[in-house]
Amino acid sequence: MEKYLILGSGPAAAAAAQALPGSLVVDSGEQLESPLAERAASMGRVDSGAWAQKDVDWLRSTMTPTTAGVAAKLYFGSRVAYRSDPDGPFRNMHAAYQPSLAFGGLSTVWGASILPYWEREIGEWPFPASIWASHYQAILGETGLAGVRDSLEQMFPLYHPEPDALGESNQAKNVRERMESHRKNLAQAGFRWGRSRLMVRAGEKNDSVNRLSYHPAYPPSHAQSCVLCGMCMYGCPYDLIYSSRKSILKWAGDRKIRYQHGIEVQGFHERPDRVEVWGKNLKDGQAWRSETERLFLAAGTLASTALVLGSSTSPKKSAQFLDSQYFTAPLFLLDSVRNARSEPLHTLAQLFLEILPGAISSRLIHLQIYTYNDMIHRLMEQKLGPLRHSLGFLMERAEGRLAFLQGYLHSDDSGTMEMSLDSDMQGTRKISLFARPNPRSRRVIRSVLAKLSRHAWQTGFLPIWPMLQMGAPGRGFHSGGSLPMRASIQGREAASDLLGRPFGLRRVHVVDSSIFPSIPATTITLTAMANAHRIAAEVGLMRR
């Protein structure tokens, strides 16, 4: 019998495994297709200056930009992060959120932006803010942090003694310096800002976490730290953007944990002294069973919640998910930057901008600013068509004035999703998911753009209103709250205790964002990992 069994391989699963040496980690473990992995690795094993133009062109061709952005962020052109089993239970999906069967979950394609939650935003959570520090520190000690010490620390401590500095684009520098020159006025208007914080390897560190984890042979990466090649949006050939698969592979190689992929867990049953778990082997379709003293569900908020509902004796077979409303808009920069196209840079978020609770919302609003990436150039080429050659000079000047805003709202200002679990006449489970937009979201977002427009002279940018895009609930993948933690769950069916145990279970712990009491606007991954680490560490200290 296993002591600890962790279901999933995403960030929450990795955080739980970090706190529980000896665990068995089980997941579907969908891998990047071999031809794509091999081609990406051929780039990742050499210096970026030696990349063949045909390989660069291939990588850029894996995503096609439009004026609405991209439909989904792919990984070297693969949809592996979103691929689902056509015979699986998720068959009636009417919301933007999707479960992930990929090894590493959605950390395969995420934007690597991280912030802890602001203490004021989680004041209603059922434990003191002081508990988070040691768990944030433990997580960042494993993943590393690219960031700088700046005024954002007043709201969001770094929780890392020596963050690595990652290069700042000239466009971001211009915006930041203009904002600094108007600091007093902007602060009085409720703005706070600073350099982005990213889970990206930006400093030299020779260990197995810097191997190409997307390739089955797991060869060494040529680069040990970011080379500012500008390919971040397509997938880093050097594998320097953190994914939880990196930690799981490293720990499995060191025999700290065991990892078994190709397993679809379908249900569990808690006994007084153990948890029985069952499913099927995806390779041969054969039944799979295991027993464990403790089961940790970190399969993503949809899959974890569905497993709990399907395995519980409770008659409740539906759940509501909270969401952080996602929106985007292009920005026109007041200060032009020459040669933005040729500048060495990364294309992840460059700046974070927070709008404090006030007239727009009683909750914090989180904004991320992205500066030039080659998709801007490609989109302009598409729009200009044959004129792109004769207007090349003007196109380059325009590129120097364009950036991109990505924003999130608190769940109080956002829509929800509703999931129901049913079975057909053959007993096959069917999971339905429906979006429930919140009319308030649009009003808040338009107020955000209006506020940014009023302060354009101080911020250095103007939002391009006609190109505002609002995602459907779940589109930003900052969702959860279906089984929220409560100080007491007496009389509460859809709730968990402080160790993530729902419906009175004693040996089953949900450790992903399913158990968040709310979804603040700032980035979700770091707190999801810290909370999973907290629960696993506390359970690890229990005698039975």
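The values are calculated or read from the model by the stated rules, or taken from the named source; none is laboratory data. Only a predicted model underlies this, so the values are computations on that prediction, with no experimental measurement involved. A quick note on method: Cβ atoms are made from the backbone with ideal geometry, for glycine too, and the neighbour counts reach across all protein chains shown.
Under the condition of being within 19 Å of the chain's Cα centre (by Cα) and not aliphatic (A, V, I, L, M), the residues counted in the stretch 89-120 number 15.
How many of the residues in the stretch 502-529 are in a loop (DSSP other than H, G, I, E, B) and surrounded by 24 or more Cβ atoms within 10 Å (Cβ to Cβ)?
9
Yes/no per residue for (1) surrounded by fewer than 22 Cβ atoms within 10 Å (Cβ to Cβ); (2) in contact with a strand residue (DSSP E or B) (Cβ under 9 Å, 6 or more places away or on another chain); (3) among the acidic types (D, E); (4) at pLDDT 95 or above:
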position: P161; (1), (2), (3), (4): yes, no, no, no
position: G167; (1), (2), (3), (4): yes, yes, no, no
position: K173; (1), (2), (3), (4): yes, no, no, yes
position: H182; (1), (2), (3), (4): yes, no, no, yes
position: Q188; (1), (2), (3), (4): yes, no, no, yes
position: F191; (1), (2), (3), (4): yes, yes, no, yes
position: S196; (1), (2), (3), (4): no, yes, no, yes
position: R201; (1), (2), (3), (4): no, yes, no, no
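Among the candidates L353, L348, the residue that is outside any loop (DSSP other than H, G, I, E, B) and touching a strand residue (DSSP E or B) at 6+ places or on another chain (Cβ under 6 Å) is uniquely L353. Take the residues in the stretch 413-472 that are acidic (D, E) and not in a helix (DSSP H, G or I); name whichever of them is modelled with the lowest pLDDT. Filtering first and then ranking leaves D424.
Pairing each residue of the stretch 336-359 that is more than 23 Å from R192 (Cα to Cα) with any residue that is in a strand (DSSP E or B), provided the two are 6+ apart or on different chains, yields no C-beta distance under 6 Å. Applying the criterion of being under 15 Å from L402 (Cα atoms) and not in a loop (DSSP other than H, G, I, E, B) to the residues of the stretch 162-175, the residue that is nearest to the chain's Cα centre (by Cα) is A172. The residues of the stretch 124-141 that are surrounded by fewer than 21 Cβ atoms within 10 Å (Cβ to Cβ) and in contact with a helix residue (DSSP H, G or I) (Cβ under 6 Å, 6 or more places away or on another chain), listed by number, are A129, A138.
Residues to consider are T347, T328; find the one that is over 15 Å from R443 (Cα atoms) and of a type in the set (S, T, N, Q). Step by step, each of T347, T328 is checked, and only T347 is over 15 Å from R443 (Cα atoms) and of a type in the set (S, T, N, Q). Take the conditions surrounded by fewer than 21 Cβ atoms within 10 Å (Cβ to Cβ) and within 28 Å of V200 (Cα to Cα) and apply them to A456. Does it pass? In short, no. Can you confirm whether E142 is touching a residue at least 60 places away in the same chain (Cβ under 8 Å), under 18 Å from I535 (Cβ atoms) and assigned to a helix (DSSP H, G or I)? Criteria met by E142.
Looking at the stretch 179-292, the strands (runs of 3 or more DSSP E) lying wholly inside it that each contain 2 or more residues that are farther than 23 Å from A15 by Cβ sit at 191-195, 263-270, 275-281. Checking F461 against (1) among the aromatic types (F, W, Y); (2) over 14 Å from L405 (Cβ atoms); (3) in contact with a strand residue (DSSP E or B) (Cβ under 9 Å, 6 or more places away or on another chain), which single condition isn't satisfied? Every listed condition holds for F461 apart from (2). Among the conditions (1) assigned to a loop (DSSP other than H, G, I, E, B); (2) modelled with pLDDT under 95, E396 misses just one, which is (1).
Counting just the residues of the stretch 487-520 that are among the small types (G, A, S), under 29 Å from Y408 (Cα atoms) and out of contact with any Gly (no Cβ under 8 Å at 6 or more places or on another chain), which one comes out modelled with the lowest pLDDT?
Once the filter is applied, the top-ranked residue is A494.
Filter the strands (runs of 3 or more DSSP E) completely within the stretch 1-118 down to those with at least 2 residues that are more than 30 Å from F268 (Cβ to Cβ).
none
Restricted to the stretch 314-343, and to residues there that are of a type outside the set (S, T, N, Q), surrounded by fewer than 22 Cβ atoms within 10 Å (Cβ to Cβ) and more than 16 Å from Y370 (Cβ to Cβ), the residue that is modelled with the highest pLDDT is L334.
The criterion of being buried (at least 19 other Cβ atoms within 10 Å of the Cβ) and on the phi > 0 side of the Ramachandran plot does not hold for G285. The residues of the stretch 281-300 that are of a type in the set (S, T, N, Q) and under 20 Å from G22 (Cβ atoms), listed by number, are S290, T292. Close contacts from the stretch 99-123, counting a first residue that is surrounded by fewer than 21 Cβ atoms within 10 Å (Cβ to Cβ) and a second that is in a helix (DSSP H, G or I) and among the aliphatic types (A, V, I, L, M), with Cβ to Cβ under 6 Å and a gap of 6+ residues or different chains, come to E119/A129.
Can you pull out every residue in the stretch 145-161 that is over 15 Å from M199 (Cβ atoms) and either free of Cβ contacts under 8 Å to residues at least 12 places away in the same chain or not in a loop (DSSP other than H, G, I, E, B) (or both)? Hits for the stretch 145-161 are S151, L152, E153, Q154, P161.
Of the residues screened, G147 is not one that is within 23 Å of the chain's Cα centre (by Cα) and surrounded by fewer than 18 Cβ atoms within 10 Å (Cβ to Cβ). Checked against the criterion of being of a type outside the set (A, V, I, L, M, F, W, C) and within 26 Å of M375 (Cβ to Cβ), the candidates E418, E399 yield just one match: E399. Of note, L498 satisfies the criterion of being surrounded by fewer than 24 Cβ atoms within 10 Å (Cβ to Cβ), in contact with a Phe, Trp or Tyr (Cβ under 7 Å, 6 or more places away or on another chain), more than 16 Å from I114 (Cβ to Cβ) and not basic (K, R). Restricting to the stretch 136-174, give me the number of residues that are within 20 Å of K250 (Cβ to Cβ) and not hydrophobic (A, V, I, L, M, F, W, C). The total comes to 7.
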